[in-house]
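Laboratory data are not the source of any read-out in this text; all were calculated from the coordinates shown. If you're wondering where the values come from, they're calculated on a predicted model, not measured in any experiment. Note that we place each Cβ from the backbone using ideal geometry, even for glycine, and neighbour counts take in every protein chain shown.
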Amino acid sequence: MDNRPVIVGMDMLTPLGTELEDQIHAAMAGKSGIGPLTRFALDDNFPVTIAGQVPEIDASGYDFLKPREMAHWFSPIYKHALVVVHRALKQAGLEISPEISPRVATTFSTAIGGLDAVLHADRDMRQKGKLPHPFVNPNSCINMVAGKVSILSKATGPITTSITACATGSTSMITGAMFLQAGMADVAICGAVDFPLVEPIVAGFATMNGAYKTRKNQPEPPQAASRPFSSNRRGFVISEGAAAIIICTRKFAEEHSLEPLAAMAGWSMTSDAHHFVAPNQATVTRCMAQAIDHAGISPTDISAINAHAASTKVGDAVEARSIRDVFGQKLPPMTANKSLTGHCMGASSAIEMILALKSMERKALPPTINLDVDQELGLDNIFDTAVEYDPRWVLKNAFGFGGCNACVVLGPVA
């Protein structure tokens, strides 16, 4: 266990706000970040009218967000990625000097990336005959967000962008942990960003029946739309977000006087090899069980579960059955953070990892709001109010399109 990575810094930007502690307070209070979709103009036939939008951040507080420079990096993923990484490193108290730079890995990732830049350029070409901006392709290059993070941080160790759809944030951490355990790095800058509120992306999630669609004859307040594990769940609410998590070896933390906040005690990744979007119970179950085993503990040791819980009919049902397969009749308390934030795509699991870490710090799980538990799921361990618990070991689940499963166990440093 001594060579398991420790977490020393974190930060996030979500529909709940732009300051970390404010967001944690909102989550613990059961406040929703969902509201009207305003990122683009909606016509009467557009199927989605609500979303989780990140409030505007004040760029003047960050000298690396120079207006002339950022004018080239017009996809919002770049500004938000750089801010959370900068703040996570600052929180950790880590300055990447030339001496340690070669031992710092970058695995910060994105699932959708800067696709918005290509879509806008295509529209301008077709409607205005305007050739693309020279930075359109760099903005849309899926691994460029890791490149920009490494430029900001001066990290010159291994760099990669692991893309596993909605599990991207978790696999970024797992990839970073593997770099550390392979002896290729002492530190890894992990996390993910996605800003998917672009017309064809939003409409595409609606037409494939994944996203929550507005029913004009049955209007609901936006805050009530994201309802994981509820009998009346109707799909995920599309959201934006970014989160950065800094991990390192225990030896590095000790040598550089960094305070470990928790340990990355165990992890697993599996592939469903089953269906392009519908999850497979057997491989989801195995992913959870292997992560717990990798941590060197048993299911009865798990103090709480931070569920993937996207609010889809099939996905929530498979996750619930898999949890019962792993834990039997003794289910630990569980929380579903997407009820508060909506689904921040590739960034969701990184955001939820931070919410899990902060819940361990506070010894309380955020509530799952809008909860009318689907009795067919057999879950009596999920609650609509904050729940106190003994935060020794926490299981974080993340599952993505293409059958990408990633589970992480967070545990004590000692």
Rg and Dmax of segment 193-328 over Cα atoms: what are they, in angstrom? 18.7, 62
Full-stretch length increase - Lys90, Gln281 - with 0.36 nm per residue and alpha-carbon distance subtracted: 64.7 nm
Can you grab the distance from the C-alpha centre of segment 83-138 to the C-alpha centre of segment 48-77, Å, no decimals? 11
Under a straight-distance cross-link criterion of Cα-Cα below 21 Å, which lysines are reachable from Lys363, leaving out those fewer than 8 residues away in the same chain? Lys31, Lys330, Lys338, Lys396
Per the Kirkwood formula on distinct C-alpha pairs, the Rh of segment 369-414 is how many angstrom? 13.6
Gyration tensor verdict on the chain (Cα atoms; rounded if a/c is under 1.5, prolate if a/b is larger than b/c, oblate otherwise): oblate
Once both labels are modelled 7 Å past Cα along the beta-carbon direction, what's the His133-His274 spacing in nm? 4.2
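Checking understanding here: applying a Kyte-Doolittle mean of at least -1.0 and a length along the axis of at least 18 Å (C-alpha), which whole DSSP H helices in the chain pass? Let's see the in-between values first.
Numbers: long enough: 76-92 (24 Å, 0.29); 115-128 (19 Å, -0.91); 168-181 (19 Å, 0.62); 281-294 (19 Å, -0.08); 313-327 (21 Å, -0.07); 348-362 (21 Å, 0.41).
Correct list, ordered by number: 76-92, 115-128, 168-181, 281-294, 313-327, 348-362.
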For each of Ser153, Ser60, count neighbouring Cβ atoms within 10 Å of the residue's Cβ, then give the residues from fewest to most. Ser60, Ser153
For segment 258-299, fraction of C-alpha pairs farther apart than 13 Å, in %: 59
For the ranges 107-118, 88-99, 65-76, what's the packing order if you count other beta-carbon atoms within 10 Å of each residue, average per peptide, and put the highest first? 107-118, 88-99, 65-76
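With +1 on each Lys and Arg Cβ and -1 on each Asp and Glu Cβ, and nothing else charged, work out how big the dipole of the chain is about its Cα centre, in Debye to the nearest 20.
My answer is approximately 660 debye.
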Dipole size in debye (nearest 20) for segment 1-51 around its Cα centre, Lys and Arg Cβ +1, Asp and Glu Cβ -1? 120
Spin-label pair Met184/Ala203, simplified geometry with 7 Å Cα→Cβ offset, distance in nm: 4.1
What length, rounded to one decimal in nm, is gained on full extension from His256 through to Gln329, with 0.36 nm per residue of separation minus their alpha-carbon distance? 21.9 nm
Here the convex hull volume per residue of segment 140-187, taken over Cα atoms and given in Å³, is 74
Any lysines whose Cα falls less than 16 Å from that of Lys79, other than same-chain ones fewer than 8 residues away, would be Lys66, Lys148
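Quick one: grab the alpha carbon gyration tensor of segment 1-75, order the square roots of its eigenvalues as a ≥ b ≥ c, and give me rounded if a/c is under 1.5, else prolate or oblate depending on whether a/b is larger than b/c.
Details: a/c = 2.16, a/b = 1.29, b/c = 1.67.
It comes out oblate by the Cα gyration axes.
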Quotient of C-alpha Rg and 2.2 N^0.38 Å, computed over segment 1-157: 1.22
Using per-residue counts of other Cβ atoms within 10 Å, averaged over each peptide, order 397-404, 276-283, 254-261 from highest down. 397-404, 276-283, 254-261
Computed over the Cα atoms of segment 197-272, what is the ratio Rg over Rh, Rh following Kirkwood? 1.20
Separation of the Asp380 and Tyr62 label points, Cα + 7 Å toward Cβ, nm: 4.7
Cα gyration tensor category, rounded, prolate or oblate, for segment 262-414 with a/c compared to 1.5: rounded
Diagonalise the Cα gyration tensor of segment 36-104 and give the resulting equivalent ellipsoid semi-axes, square root of 5 times each eigenvalue, largest first, whole Å. 34, 14, 11
Work out, step by step, the length gained on full extension between Ile142 and Asn3: first 0.36 nm times the residue separation, then minus their alpha carbon distance; give nm to one decimal. 46.9 nm
